[in-house]
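Each reported figure results from applying straightforward, stated rules to the coordinates on display, with no laboratory input. For clarity, every value in this text was computed on a predicted model and none was experimentally measured. Neighbour counts run over all protein chains shown; Cβ positions are idealised from the backbone, glycine included.
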Amino acid sequence: MRLATPEEVLATMGVMQSASALANAAQALDLSLPVVEQVLDTKLDRVQVVDYFDYLGPTEGGTTPTYTLSLTRGFVVDGSEVVTSAGLPLVRGADYRIDYVKGLVFLYVQAVFGAASVSVEYTSGFAELDPIPDTLKAEAITAAVLHQNTLPSVPANRDPKVGNRVSKPIFNFLQVQAAPLERPRMAVEFPTSTEYI
């Protein structure tokens, strides 16, 4: 799966299109996809998932805290989710809301007192012909440019005395560019188990 076109990579690099340049850009897009997935902390291919969470219920005085559930994958297909607590379906808006890009479920309801199991069944990722969000496409192009600039044949890498002056700033830019898509690691509940269907 490619998140951008080789032509877009070459245009960003300011390189003229040729058969070999397009082939190199296409290969860079393919090889940089795992880097993008690692930076974003999610796989991007289309798949159906069920995540199971342990929901502990109120902690003190019968209050209902808001639980933030971090799904295994981000880029959830809008409206594909089915959230259940103790086997009963929850209502989007009233009982929970979801951040489809980051793959977060904000649970508001206390379905049962004490421990319960919450499951979230959803579809995430992109199929071959799906439109790719601009921020994600830009991330893929930056990662491909980073890959292209780490090759020994690139002029910036030819002089051993100079070292690679290009790759580190591009990687830093890749991380900054991903900030709006960053998935939180703190103050969220992670699934106790995950099933791919």
Through the Karplus equation 6.51 cos²θ - 1.76 cosθ + 1.60, θ set to phi - 60°, convert the phi angles of segment 6-20 into ³J(HN,Hα) values in whole Hz; use x for Gly and Pro. x, 4, 5, 5, 5, 4, 5, 7, x, 10, 5, 7, 8, 4, 6
What is the set of long-range amide H partners of G74 at a cut-off below 5 Å, with H atoms built 1.01 Å from backbone N? K43
The summed charge of the L129 Cβ neighbourhood (under 12 Å; Lys/Arg +1, Asp/Glu -1) stands at 0
Compute the signed sum of charges (Lys and Arg +1, Asp and Glu -1) over the other residues within less than 12 Å, Cβ to Cβ, of S80. 0
Using a Förster distance of 25 angstrom, determine the FRET efficiency expected from the C-beta separation of S193 and D130, and round it to 0.05. 0.35
